[in-house]
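Engineer: I have a structure here, written as structure tokens, and I will follow up with some questions on it.
The numbers here are math on the coordinates, done by the rules we state, and not lab data. Note that the structure is predicted; figures quoted are calculated from it, not measured. Reconstructed Cβ throughout: ideal geometry from the backbone, glycine too, with neighbour counts over all protein chains shown.
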Amino acid sequence: IGIPLEIMQIPEMPTMEVYENVMQETLEKLKNKGITHSVFGDIFLEDLRQYREDKLATMGFEGVFPIWKISTKDLIQEFISLGFKTIIVCVNEKHLDKSFVGRIIDQQFIDDLPVDVDVCGENGEFHTFCFDGPIFNKSIDFEIGEIVYRKYEKPKQESSNTACDTDDTTAYDYGFWYCDLLPKND
């Protein structure tokens, strides 16, 4: 889409402390380049927005939330009608089964979602990779690699009170289906 890509590398199972340290290092680099704002696609999770804004403020950044509080049903229909293309790269087994991972979001995908799943995955039901659309100079070519399952134990409670914390009333092990995307060699 014509803007520089800044990659933030985190280990596979980072603690919140590790995640926040890597985020701070990345933001410091961007701040030194004159960047002052960070844009998020969050739609309605108040605690997550507050967490992001609080962390950004400590570094002198401002969060921008351009689709905040817009109906997810309206957003997904506009997204599709504008010609954006995205693939499901992760599904939470608590909400969706393996058959949803690796699928392109289109009307059939939306029609196949259970009624309690947000069409934009706003409650963590699924995660996506957008690979084409009207703002892309060219689509990102990839091929689907391995589909893997990983089960995670309940995260350990940390001292901070963030959107990523859990409480003992929601204790459960949970798993995710992941779809590897591999760059095509041209």
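Engineer: Stick to the Cα atoms of region 41-137, pair each with every other, and give me the Kirkwood hydrodynamic radius in Å at one decimal.
Structural biologist: 14.7
Engineer: Filter the GluC sites (Glu not before Pro) in region 5-76 down to the DSSP loop ones having no more than 14 other Cβ atoms within 10 Å, then list what survives.
Structural biologist: Passing both the DSSP loop test and the Cβ count: Glu6, Glu12.
Engineer: Determine by what factor the alpha-carbon radius of gyration of the chain differs from 2.2 N^0.38 Å, reporting the quotient.
Structural biologist: 1.10
Engineer: Just tell me, in residue order, which DSSP H segments of the chain are both 30 angstrom or longer along the helix axis (alpha-carbon based) and at least 1.0 in mean Kyte-Doolittle hydropathy.
Structural biologist: None clear 30 Å together with a mean of 1.0.
Engineer: Would you please name the trypsin sites (Lys or Arg not before Pro) within region 40-80 that are DSSP coil residues with at most 14 other C-beta atoms within 10 Å of their C-beta?
Structural biologist: Passing both the DSSP loop test and the Cβ count: Lys69.
Engineer: Before rounding to the nearest 500, sum -39500 (n - 2.57) across all DSSP H runs of length at least 4 in the chain and divide by the residue total; then give [θ] at 222 nm in deg cm²/dmol.
Structural biologist: -7500 deg cm²/dmol
Engineer: Can you tell me the length gained on complete extension of the stretch Glu53 to Phe40, counting 0.36 nm per residue apart and subtracting the Cα distance?
Structural biologist: Here the answer is 3.6 nm.
Engineer: Loop-only trypsin sites (Lys or Arg not before Pro) in region 121-151, please: DSSP not H, G, I, E or B, and at most 11 other Cβ atoms within 10 Å.
Structural biologist: Lys138
Engineer: Let me ask another. Would you grab the residues whose amide H sits under 5 Å from the one on Phe142? Only those 5+ places off in sequence or on another chain, please, with H modelled 1.01 Å from N.
Structural biologist: Lys184
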